[in-house]
Each structure stands twice: as structure tokens, then as C-alpha cells.
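Q: Mind looking over this structure? Questions follow.
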Amino acid sequence: MAIPGAPATNKQLLEKYLMLDQPDDGIMAEYIWIDGTGEGIRSKCRTLYAEPKKPSDCPIWNFDGSSTYQAEGSNSDMYLYPVAIFRDPFRRGKNKLVLCEVYKYNKKPAETNRRKTCAEVMVKAKDAHPWFGIEQEYTLLDYDGHPFGWPKNGFPGPQGPYYCGVGANKVYGRDVVESHYRACLYAGVKVSGCNAEVMPAQWEFQVGPCEGINMGDHLWLARYILHRVAEEFGVVVTLDPKPMEGDWNGAGAHCNYSTEAIEIEKAIEKLSKHHVRHIKAYDPREGKDNERRLTGFHETSSIHDFSAGVANRGASIRIPRQVAEDGMGYLEDRRPSSNCDPYSVTEVLVRTTVLDE
């Protein structure tokens, strides 16, 4: 699956070095954080001299924020505060992936550190046990930015045979998808499924159910792992909500949501009163990206109107048919864009439906 002309190395040579014995006092910890764009992921590695069991076992670290759109060169130090630890599926052994929050020189959270306020909200709402599952759609691209597997001088056939498709003429990039799924399971990410999507070269994986702050932590780690896996195959991942203009589906991050005692109709009524606030929280550019996707076509609602319906994929909020029959369960908010920050999505859902803020 390597792309002709793209930079590449011999992965068989790498395996020889990955098989070298690693000392017990030499643990590789990959620190991972969100950059100043609000959707880009950065990481760098350091050696720890004992295997960390919890985030506080990992020291606070720093990085050059002027190179990540997060600081000026004249005052560039930013700080990484470890908040979650996962197993490293790339280095394996005792090595770790360490998810971090970003803080500025004055110890205040960076502008794109949306985890801090999300965590505070989840503590306030802990007795409600907010539960989430996010369906992350994404598109695979060739190294040249063209959708993976698409004809270079044309387009594939119209949408129809690709969703959950099987066969080399219907799905492109399954090797990446399978590898990502296994890597997430190994890492401890709560991945719960995957499938080919409506547009060819577009896929989806699901993370959850997760309670509270864990939803954002697990989805960001799953995204990091996806980019790393695709990197090894010479393929590019994009979370653009509308990667191809025209009669093609966009990409979302539908959020399934419930609480221990949720009343679906009351929750929807509350959501209907805060549509604009939610739209602003559901993509990094406060609705600008979602404008291209939420058109009222291609299984989306209009960005300008709030709607809800049973089994209706053209509504803002879809109520699963089984939920309507049982009178309990969860709702699906279909408005979040594929490049949303899950911390912002889950925080605003809880503020609106539980805290009444």
C-alpha cells in the first residue's frame, strides 16, 4: 500500500531494532498533546527509569510552543501535564503513551486545552453518570492528497455499494483499519467497532461507552494511533468534515449520549434551546467547518435549524427506534464534525442537559 514517490523506509529493518532487549530502567514514554489548531496532534518521547502506573508517575515536561501555534518565540515554553496513560502498541513492552494537558508559562491552560473545563464539568455531574459513545468518521488520502483508491483522473462510481462494503472494488484501505483496531485494543482504548462508510475511502470507528472525561481521552488517543498507523502504511488520514465537494457524504463524529436517569424528550427540549451554542462547540472553527457538511443533504440536518426524530438520520438528534419503543436509552447528536474536540462536545452536552447552564 506504499504510495509511489512518497518517502519510505524499510520496515523490516526497523523490526530488528524493536526486537532488542530493553532494560527495566529504560521505559519509553511518548508524551502526546493537542496543538494550537485545536485538532492537530503532537508528540515527543522521553526515557523514564521506572514503569509508570498512573499519570502522576510521569513528570511534567515542556516543549516549544512557538512551533505548535501555541506561543511566541520570545516566550515559547509550554508545559505538558500527564493526565492519562495507555500501553504503547508501536514499541510494546512496558513502554507507554502519555496523554497530556497543555499549560502556558503562567500555569494557565492553553487556549486549546479544553480538557480542563470538561473535567470540571464532569466532576459536577458525576452523580448523573454521563455516558458517551462517539462514531469517528475519517477519510484516507494518498500522499498527494487524493482520496485513497480513487482514479487519479476521475471519480469512482456513485455512492451506494461502499457503506459496509466488501471487495477490492468497494473498499479501500482495510489494512489501515484492521491495524488501527488491533492497536487500539492493545493500548487499552475503549474502541467498540468499525465499518466502511458511504463515500469510498471513508471509514468509521466507534469509541465507547465511556463515562465522563474518559470519552475525550480515549478518542484523542484513538486518533493519535490512527495517524501513526496510517503513517507506517504511507497513507494520510484527514478529519476534514467535507473532504470532497459535490455529491459525496461528509464526515462527522456523531455522539451517542445518556445519563443514569435521562428523560429523552426533556433532554431534547433543552438541546433545542441551545442549538447555536452547540454548533459553535462542535467544530474547532465554531461552525465554519460544519457549514460545509450540515447542509440538510447527505444524511445531515441543516446547520441553521434544530430537529429531532426517531430513526431519522437527517435530524440534528436521532432517537434510535428501540429507544422510542422502550422509552429509555440514549440519543444520538449527529451535529459534531469529524474534527471536533470531544472534550468540547461532551462538556456542552452535560452543561445543557444535566447542569442546566
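Q: How many percent of the accessible area of the stretch 179-287 is carbon or sulfur, using a 1.4 Å probe?
A: The nonpolar share, carbon plus sulfur, comes to 48 percent.
Q: Please give the contour-minus-distance gain from Asp326 to Thr117: 0.36 nm per residue of separation, less the Cα-Cα distance, rounded to one decimal in nm.
A: Taking 0.36 nm per residue and subtracting the Cα distance, the gain is 71.8 nm.
Q: Moving on to the next point. Only Cα pairs within less than 10 Å get springs; with that Gaussian network setup on the chain, which residue of Leu14, Leu48, Leu140 has the largest fluctuation?
A: Leu14
Q: For Arg285 paired with Glu231, estimate the spin-label separation in nm (one decimal), with each label point 7 Å from Cα along the Cα-to-Cβ line.
A: The modelled label-to-label distance comes out at 2.5 nm.
Q: Now for a different question. Take the Cα atoms of the chain, find their three principal axes, and give me the spread along each one in whole Å, biggest first.
A: Principal axes ranked by extent give 57, 52, 42 Å for the Cα atoms.
Q: Something else about it: Which whole-number percent gives the relative contact order of the chain, counting Cα pairs below 8 Å spaced six or more residues apart?
A: Averaging sequence separation for qualifying contacts and normalising by length gives 16 percent for the chain.
Q: Determine the distance separating the Cα centre of the stretch 187-201 from the Cα centre of the stretch 110-157; give it in Å without decimals.
A: The stretch 187-201 and the stretch 110-157 have Cα centres spaced 11 Å from each other.
Q: Same structure, new question: Give me the percent of Cα-Cα pairs in the stretch 242-340 that sit more than 22 Å apart, rounded to a whole number.
A: Roughly 26 percent, rounded to a whole number.
Q: Keeping every protein chain present and rolling a 1.4 Å probe, give me the accessible area per residue for the chain in Å². Before the final figure, lay out each step's value.
A: Working: 16650 Å² over 357 residues.
Dividing the accessible area of the chain by its residue count gives 47 Å².
Q: Among all the aspartates and glutamates, which ones have a C-alpha under 16 Å from Lys270's C-alpha, if same-chain residues fewer than 8 places away are not counted?
A: Answer for Lys270, where 16 Å is the Cα cut-off: Asp305, Glu332, Asp333, Glu347, Asp356, Glu357, listed by chain and number.
Q: Using r as the Cβ-Cβ distance of Ala168 and Leu18, and R0 as 30 Å, what FRET efficiency do you calculate, to the nearest 0.05?
A: The pair Ala168/Leu18 has a calculated efficiency of 0.45.
Q: List, in the order given, every pair from Lys11/Lys288; Lys54/Lys170; Lys124/Lys280; Lys53/Lys104 whose Cα-Cα distance in the structure shown is over 32 Å.
A: Lys11/Lys288; Lys54/Lys170
Q: Another question about this same structure. Please find, in a Gaussian network model of the chain (springs between Cα atoms separated by less than 10 Å), the residue of Phe233, Phe148, Phe205 whose mean-square fluctuation is greatest.
A: Phe233
Q: With Cβ to Cβ distances under 12 Å as the rule, what net charge do the other residues near Leu239 carry (K, R +1; D, E -1)?
A: On the way: positive: Arg223, Lys242, Arg293; negative: Glu39, Glu137, Glu204, Asp240, Asp283, Asp289, Asp341.
Neighbour charge sum, excluding Leu239 itself: -4.
Q: Tell me the accessible surface of Tyr17 in square angstrom (1.4 angstrom probe, heavy atoms of protein chains only), to the nearest ten.
A: 140
Q: Given the whole protein assembly as supplied and a 1.4 Å probe, what does the accessible area of Thr300 come to in Å², nearest 10?
A: Ignoring ligands and nucleic acids, Thr300 comes out at about 10 Å².
Q: Another question, if that's okay. Given the options Asp88, Asp21, Asp247, state which has the largest fluctuation in a GNM of the chain using a 10 Å cut-off (strictly under) for Cα springs.
A: Maximum among the listed residues: Asp21.
Q: What residues qualify as long-range amide H neighbours of Gly252, i.e. H under 5 Å apart, gap of 5 or more or another chain, H built at 1.01 Å from N?
A: HN-HN under 5 Å from Gly252: Glu137, Ser338.
Q: Continuing with the same structure: If the cut-off is a Cα-Cα distance under 25 Å, which lysines reach Lys16, setting aside same-chain residues fewer than 8 apart in sequence?
A: Lys44, Lys94, Lys96
Q: While we're on this one: For Asn256, what is the net charge nearby, where nearby means another residue's Cβ is under 12 Å from its Cβ and Lys, Arg count +1, Asp, Glu -1? Could you put the intermediate results ahead of the total?
A: Details: positive: Arg318, Arg334; negative: Glu135, Glu332, Asp333.
That sum, taken over residues with Cβ under 12 Å, equals -1.
Q: Size of the stretch 51-123 along its principal axes in angstrom, Cα-based, largest extent first?
A: 39, 31, 18
Q: Can you give the relative contact order of the stretch 153-230 as a percent, counting alpha carbon pairs under 8 Å and 6+ residues apart?
A: Working: 90 pairs, mean separation 23.7, N = 78.
Relative contact order for the stretch 153-230 comes out at 30 percent.
Q: Sort His218, His180, His298 by heavy-atom solvent-accessible area, probe 1.4 angstrom, most to least. Show your work: numbers first, answer last.
A: Details: His218 30, His180 5, His298 55 Å².
Sorted by accessible area, descending: His298, His218, His180.
The values are calculated or read from the model by the stated rules, or taken from the named source; none is laboratory data. These numbers come from a predicted model, not from an experiment. Here the Cβ is made from the backbone with ideal geometry for all residues, glycine too, and neighbour counts use every protein chain on show. Only protein heavy atoms, including side chains, enter the accessible area calculation; ligands, DNA and RNA are left aside. Shrake-Rupley method; radii C 1.70, N 1.55, O 1.52, S 1.80 Å.
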